[in-house]
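The values are calculated or read from the model by the stated rules, or taken from the named source; none is laboratory data. Keep in mind that what you see is a predicted model, and the values were worked out from it rather than measured. Please note: Cβ atoms are built from the backbone with ideal geometry, for glycine as well, and neighbour counts cover all protein chains shown.
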Amino acid sequence: MSVLRTLSLAMGGVAGLLVAVAAAVWLVRLILVARGSASALAATGAWWVPYAIAGIAVPFALTAGITGWLHAQAAREAAALRREGVAVQATVVSIDRSSYVKDSYGRRRWVITAEWRDPASGTTHRFRSDGVTDDPRPRLDVSRPVTVLVHPRDPGRYLVDPDAPR
């Protein structure tokens with residue numbers, strides 16, 4: 001599970017819990033107002049509780065929504081590249097543990113760096129994979145080919161696929 005997805009689920013859970021508590025407090029307040037006991041509620045100063053809980057829940061809900069949207073965008077981009085991308089055989093330049101790409105447990109992930117020379121333009125493109133959880137070195141070697149799915153009009157949009165058949 002990716003860090004973004006884990007963060008999104010955690011923040012969404014916290015936001016949902018806070019919104020449920022705020023809704024329960026608000027419902028109790030409405031019942032008390034309907035029964036004519038609103039003065040007791042106002043006297044205790046509890047009128048601000050639903051607003052405070054909602055104020056705390058809004059940033060959590062926004063964070064969960066944004067991270068969920070980013071995760072969905074990345075999944076859509078990968079699906080589009082699998083559908084429309086041109087498969088090229090790039091040469092693996094390095095396979096390293098990344099210091100900045102980590103999984104949800106804080107473990108560093110493997111990053112594959114590969115290069116491909118476009119025969120039409122002669123331009124060399126460098127590709128970096130997303131973080132790979134399992135060590136890819138048993139199935140990939142430096143200087144060997146790896147499949148990269150490249151967008152036909154924008155080589156900056158790509159997907160390194162270490163598990164694709166070569």
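Under 7 Å between Cβ atoms, which residue pairs at least 6 apart in sequence (or on different chains) link something in the range 72-93 that is over 14 Å from ASP154 (Cα atoms) with a partner that is of a type in the set (Asp, Glu)? Matching pairs, first to second residue: ALA90/GLU115; THR91/GLU115; VAL92/ASP141; VAL93/GLU115. None of ARG83, ARG144, ARG76 is surrounded by 11 or more Cβ atoms within 10 Å (Cβ to Cβ) and farther than 30 Å from ALA22 by Cβ except ARG144.
Scanning the range 119-141 for residues that are surrounded by 17 or more Cβ atoms within 10 Å (Cβ to Cβ) and at pLDDT 90 or above yields a count of 2.
Among the residues making up the range 63-91, those that are part of a strand (DSSP E or B) and either in contact with a His (Cβ under 9 Å, 6 or more places away or on another chain) or of a type in the set (Lys, Arg) (or both) are VAL86, VAL88, ALA90. ALA57 falls short on exactly one of the conditions (1) outside the structural domain of VAL19 (by TED's automatic domain parsing); (2) touching a residue at least 40 places away in the same chain (Cβ under 8 Å); (3) surrounded by 14 or more Cβ atoms within 10 Å (Cβ to Cβ), and that condition is (1).
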